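Derivation of every value follows stated rules applied to the coordinates shown; laboratory data play no part. Owing to the predicted nature of the structure, the values given are computational and were not obtained by experimental measurement. Here Cβ is always computed from backbone atoms with ideal geometry, including for glycine, and neighbour counts include all displayed protein chains.
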Amino acid sequence: MEQPSILVIDDDVELCDLLADYLSQEGFHVETAHDGATGLSRATSEAYALVVLDVMLPRMTGFDVLRKLRESSTVPVLMLTARGEDVDRIVGLEMGADDYLPKPFNARELVARIRAVQRRSAKPDESAPSRDRMAIGDVELDVGARTVRRAGEEVALTSAEFALLEVLLRAAGRVVTREDLCERVLGRRFSPYDRSIDVHVSNLRKKLGDDRPGRERIKTVRGLGYLYATGPA
Amino acid sequence: MRSLFPRLLVSFWVSLTAVAVASTFIQVASSPPAKFIRRSQLMSETLRLVGEDAAARAGSGDAAGAERLIRGVESRLGIRVTLLVDDRVAAGAQPTTAMSRLSRQQGNAHAARSEEIGDVEVFAVPVPRRPDARILAEVPNVPRWERLIRLETLPLRLLVLFVVSGLVSFLLARYLSRPLQVLRRATQRLARGELSVRVAPEVESAGTEVAELGRDFDRMAERVAGLLEAQHRLLRDVSHELRSPLARVNVALELARQRAGADASGPLDRIERETERLNELIGQILTMSRLESDGPTRSETIDLSGVLDDVVSNAEFEAKGRDRHVAIVGRAPVSVVGSREILHRAIENVVRNAASFTHQGTTVEVRLSEIGSNGSTKARIEVRDRGPGVPEDALTEIFRPFYRVGTARDRLTGGTGVGLAIADRAVRMHGGSVEAKNAEGGGLIVTIELPIAT
């Protein structure tokens, strides 16, 4: 099986080398770029399984790269944010990053996140394709083709948003806890103070729009989690 | 009177009034009685004319006419008049002793005489062309000081003096005390940490010394701000620069794990724990220095009750694994304005701190209430733990970065020593205050107060 290819965009050359070394041991093929512009052109011209993007890049920041990248691509992006800059990670997620990791990070944690992102963006096997189409109201989700349509029009979702919608749709009408969502969507244990799921939900709401004026498709159940509303209420 | 302004005002006022009164007395005591001389001459002339007329009537046998004339003058002017012919009373009243004495003193001189005796003035005036006749008069006299002070207008003049000197004193006192008040307020603001405060433009007009003092103050404030800024920048830069090597260490550590045998995992775990602790510390320092340098980045209306729910449920999640609990025991629907992120972190730090110090099996109680009457209502968050508390003299110190009450215990709970300092700065940035006190029956109560959104 071909090694998944990962692009690391970080201006710290030595760190990139170490990462390439480490990740190749974990079974990934790593390419590196040391500034935003190069990184962006590589990320848009070649097909990577995942992009690891540092927020703090000279000249063109990680946010700029992400914004430009999202104009044309839904490649999974893992942001490396600065510790102590909590706003960064929220902004990153809001702009369409799939996940984030505060830098300096634990390398095993990085691998775990990469694997989690991979798992949910990997196409499932071809068996039982009919069961893997879900439709509630005007929203239609095709697990096999990894597409989401709303009123017939395709909505571009990141892998995290897609996975989140899938879990919510499967459990439509029932409350899914944040802990549950974190484990099933992001592939990691929910930790307190982690707002990732909330940001992804908020992005998803924006992309899908209201069910009907003034009614959210995804409802917040305070202190518990979220639920996808079914039928008229 | 502790304040400068009223003291200056009163002393100016008193001294101005004293000067005015004293100068009046000096004037009364020393000035020549100019009007008085004129009055005496006028009186002498009048008496001479009356005497001439009366003596003429008496000489022509009209004694009754002379008497009428004299009595008329007496009653009209309110004085006592006597016409003497050959030293006998020809008309008018009997002369008083003072009048007789003056008459004797005058003898046969041709000049009129007058003399002040007590509260009367007596006149002896020869009658022209009648060497045998003379007219005497006794005129009630107003004392000299009384005439100068003029009792009838005294209240009005005193009022004018009072008002004018008061006004002058007020202006003078304000002129002198205002720059000092400006400086005092500026000093207080500087002490509260407003390092941008400057006074020179405000006190520039107040005279050389004060203006110079204002400029000195500004230089001092600038220097203090510069030093603090440099200190923060150094801390921030060092922390920033530590990140890159730490990131590399983390990756290198895992590489080492990949290659090393199982017996190396103990030390490697240790390295990992220590770098994680460094990471945490750096993050906290950076957060704190950002709070010190910038104001709140976002301003939104924040439902405190919701923030507390979040914080408490997360803290409970963490604490229950260690057989400790965190619960909301009271709440009120209050909102404040500011940065949700920063306030969240401030409250979180206080709650986490409480959760880490509370004894096993106990519950940290969090209470949200609204205090104060209309106009100055505040939101109050009380966080009470059931831990060992803090020595009384350290109650304010615990909000200082890296302050530790007891090193050993802090190590066990894994605090970085910056959490409460961050909370304190974050809350102050929102115009609130944080206080700690020991609770009756053990444990610490940390109280956060924030102005309520209107």
## Note on the structure
Phi angles of the stretch A:36-53, converted by Karplus (6.51 cos²θ - 1.76 cosθ + 1.60, θ = phi - 60°) into ³J(HN,Hα) in whole Hz with x for Gly and Pro, give x, 5, 4, x, 5, 5, 5, 5, 8, 8, 10, 9, 10, 6, 6, 10, 9, 10
### Query
Which longest uninterrupted range of chain B lacks any GluC sites (Glu not before Pro) assigned by DSSP to a loop state (not H, G, I, E or B) and surrounded by at most 13 other Cβ atoms within 10 Å?
B:205-439
### Task
Would you work out the charge dipole size for the protein assembly as shown about its Cα centre, treating the Cβ of every Lys and Arg as +1 and the Cβ of every Asp and Glu as -1, and quote it to the nearest 20 debye?
3040 debye
## Note on the structure
Given backbone amide H placed at 1.01 Å from N, residues whose amide H is under 5 Å from that of A:V8, ignoring those fewer than 5 places away on the same chain, are A:E31, A:T32, A:A33, A:V52
### Query
With springs only between Cα atoms under 10 Å, which of A:V139, A:V13, A:V176 fluctuates most in a Gaussian network model of chain A?
A:V13
#### Entry: 32 Å Cα-Cα threshold exceeded, pairs from A:K207/B:K378; A:K103/A:K207; A:K103/B:K320; A:K103/A:K206
A:K207/B:K378
### Query
Each residue of the stretch B:73-86 in order: what ³J(HN,Hα) in whole Hz does its phi give by Karplus 6.51 cos²θ - 1.76 cosθ + 1.60, θ = phi - 60°, with x for Gly and Pro?
4, 4, 6, 5, 8, x, 10, 10, 10, 9, 9, 9, 10, 6
### Summary
Computed, not fitted: 222 nm per-residue ellipticity of the protein assembly as shown from DSSP H runs ≥ 4 (each -39500 (n - 2.57)), nearest 500, equal to -17000 deg cm²/dmol
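From Cα pairs below 8 angstrom and at least 6 apart in sequence, can you work out the relative contact order of the stretch A:133-228, rounded to a whole percent? Before the final figure, lay out the partial values.
Details: 120 pairs, mean separation 24.3, N = 96.
Rounded, it is 25 percent for the stretch A:133-228.
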### Query
Taking θ as phi - 60°, what are the ³J(HN,Hα) couplings along the stretch A:24-33 by the Karplus curve (6.51, -1.76, 1.60), each to the nearest whole Hz, with x for Gly and Pro?
5, 4, 8, x, 10, 9, 10, 10, 10, 9
#### Entry: Considering only chain A, percent of DSSP beta bridges that pair antiparallel, nearest 5
50 percent
## Note on the structure
Quick note on B:H430, B:H359, ordering by fewest other C-beta atoms within 10 Å, gives B:H359, B:H430
### Message
How tilted is helix B:4-30 with respect to the longest principal axis of chain B? Cα atoms for both, answer in degrees (0 to 90, nearest 10).
### Response
10 degrees
### Summary
Taking a ≥ b ≥ c as the square roots of the eigenvalues of the Cα gyration tensor, with a/c under 1.5 meaning rounded and otherwise prolate when a/b exceeds b/c and oblate if not, the stretch B:323-378 is oblate
### Degrees, to the nearest 10: B:304-319 long Cα axis against longest axis of chain B
40 degrees
### Query
What shape does the stretch A:5-121 have by the C-alpha gyration tensor, where a ≥ b ≥ c are the square roots of the eigenvalues, rounded means a/c under 1.5, and otherwise prolate means a/b greater than b/c and oblate the rest?
rounded
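Under the rule a/c < 1.5 gives rounded, and otherwise a/b versus b/c splits prolate from oblate, where does chain A land using the Cα gyration tensor? Working shown, then result.
Working: a/c = 1.84, a/b = 1.62, b/c = 1.13.
Prolate shape, in that a/c is at least 1.5 and a/b is the bigger ratio.
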## Note on the structure
One finds the C-alpha centres of the stretch A:36-72 and the stretch B:229-251 to be spaced, in Å, by 25 Å
### Query
So how tilted is helix B:265-293 from the main axis of chain B? Cα-based, degrees 0 to 90, rounded to 10.
20 degrees
